[in-house]
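Accompanying notes for the structure given below.
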Amino acid sequence: MSRVKHFALDIAAAVTALTRLPLWRWVDIPKEHYTRAVYYWSLVGWITGSLTALVIYGAGQFLPPFLAVAVGFVFRILLTGAMHEDGLMDFFDGFGGGRSKEQILRIMKDSHSGAFAIIGFVCYAILWISLLGFLPPETAALAVMVGDPISKFVASNMPLLLPYARKEEESKMQVVYRDKPPKWLFILAAHFGLLPIIKWPEMGWWLLLFSAVAFFLLYGLMRRRLSGYTGDCLGATFLICEVTSLFAIWIFM
């Protein structure tokens, strides 16, 4: 297999796994390419962040800014199939209601949503929409376009620091991300995650800093209570890192 085809299949696997864009209908993607999908998460962020930003900006031309952001919020959920939000809710349920590693994993595996899940998601949604909804649509769109890939790059580093907490056959995708990717892959992920800062240099570095702080706090929590991570933890990490980074806009802008 040529290097170009190998790279293209990796990207197709990441887009297929992390969005609802149906590339699998036209491309046959071997399972091994999904083991690297998380390291292309920042590249996927270029798609989800840009499209969501376009929706916010477009809706903001004829809707109040707060409502335009709400429309963008719903659009991104539909674009990703709510997989990150589902992970966030399972994360809150597991860590909120579980006392041991076994309990946390069992609760996160349960398809029913408990009080922690609902309260956690509502709080997240209120924060995300409120932090962006009182900004001009142009600024809100820019924040999403820059912050989405940054936070996805930050979150994608969790498999480098923690082992997978379940058995491979117990994962939702039946795939475990590689914990030791090639150095070039990390450099590529960092490139796609950090390059958007060029679009908003006066604020992008603050978004990265706040996102990184949230990441290390979550890393400490998962290491102490779970001794690892799950796919739900990755989705939750991205969303929490992103919404935390948005506070930087109101502090430093």
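The values are calculated or read from the model by the stated rules, or taken from the named source; none is laboratory data. Only a predicted model underlies this, so the values are computations on that prediction, with no experimental measurement involved. When we count neighbours, we look across all protein chains shown, and the Cβ atoms used for this are built from the backbone with ideal geometry, even at glycine. Surface accessibility is based on the protein's heavy atoms, side chains included, excluding ligands, DNA and RNA. Shrake-Rupley method; radii C 1.70, N 1.55, O 1.52, S 1.80 Å.
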Inset, instruction - Show me 157-163, 69-75 ranked by packing, highest mean number of other Cβ atoms within 10 Å first. - result: 69-75, 157-163
Legend entry - Calculated on alpha-carbon atoms, Rg and Dmax of the chain in Å: 17.5, 51
Legend entry - Estimated inter-spin distance, I119 and F216, nm [label 7 Å along Cα→Cβ]: 2.9
Legend entry - Residue with peak Gaussian network fluctuation, the chain [Cα springs, cutoff 10 Å], from R25, R225, R106: R25
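Using a 1.4 Å probe and counting only protein heavy atoms, arrange W200, W205, W184 so the residue with the most accessible area comes first.
W205, W184, W200
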Legend entry - Cα-centred dipole magnitude for the chain, charges only on beta-carbon of K, R (+1) and D, E (-1), debye, nearest 20: 600
Inset, instruction - Work out, in µm²/s and without decimals, the Stokes-Einstein translational diffusion coefficient of segment 106-155 at 25 °C, 0.890 mPa s, Rh from Kirkwood over C-alpha pairs. - result: 189
Legend entry - FRET efficiency for I198 and V74, using Cβ-Cβ distance with R0 set to 35 Å, rounded to 0.05: 0.75
Legend entry - Estimated distance in nm for a label pair at F7 and S130, the labels positioned 7 Å out from Cα along Cα-to-Cβ: 4.4
Inset, instruction - For segment 67-127, just the Cα set please: Rg and Dmax, both in angstrom. - result: 12.8, 42
Inset, instruction - For segment 84-96, take each phi angle, set θ = phi - 60°, evaluate the Karplus expression 6.51 cos²θ - 1.76 cosθ + 1.60, and give the result in whole Hz per residue in order, putting x for glycine and proline. - result: 6, 5, 4, x, 4, 5, 5, 4, 5, 5, x, 6, x
Inset, instruction - Over the chain, average the accessible area per residue using a 1.4 Å probe and give it in Å², no decimals. - result: 47
Legend entry - D_trans [Stokes-Einstein, Kirkwood Rh over alpha-carbon pairs] for segment 73-201, 4 °C, 1.567 mPa s, µm² s⁻¹: 77
Inset, instruction - Would you please state which residues of segment 213-253 a label at R99 would reach in this model, taking the label point 7 Å out along Cα→Cβ and a backbone N cut-off of under 17 Å? - result: 225-226
Inset, instruction - Let me have the relative contact order for the chain, percent, based on Cα pairs under 8 Å that are six or more residues apart. - result: 26
Inset, instruction - Only Cα pairs under 8 Å and at least 6 apart count here; give the relative contact order of segment 65-172 as a rounded whole percent. - result: 31
Legend entry - Alpha-carbon centroid distance for the pair segment 74-115 / segment 190-242, whole angstrom: 18
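With a 1.4 Å probe and all protein chains in place, put V15, V176 in order of accessible area, largest first.
V176, V15
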Inset, instruction - On the protein heavy atoms, probe 1.4 angstrom, tell me the percent of accessible surface of segment 71-124 carried by carbon and sulfur. - result: 67
Legend entry - For G81, residues with placed amide H under 5 Å, excluding near neighbours: R20
Inset, instruction - Let me have the 222 nm mean residue ellipticity of the chain computed from DSSP H runs of 4+ only, each contributing -39500 (n - 2.57), with the sum over all residues rounded to the nearest 500. - result: -23000 deg cm²/dmol
Inset, instruction - Compute the Rg/Rh shape ratio of segment 178-253: radius of gyration over Kirkwood radius, all on alpha-carbon atoms. - result: 1.02
Legend entry - Accessible surface ranking that places the most exposed of K31, K152 first, with a 1.4 angstrom probe: K31, K152
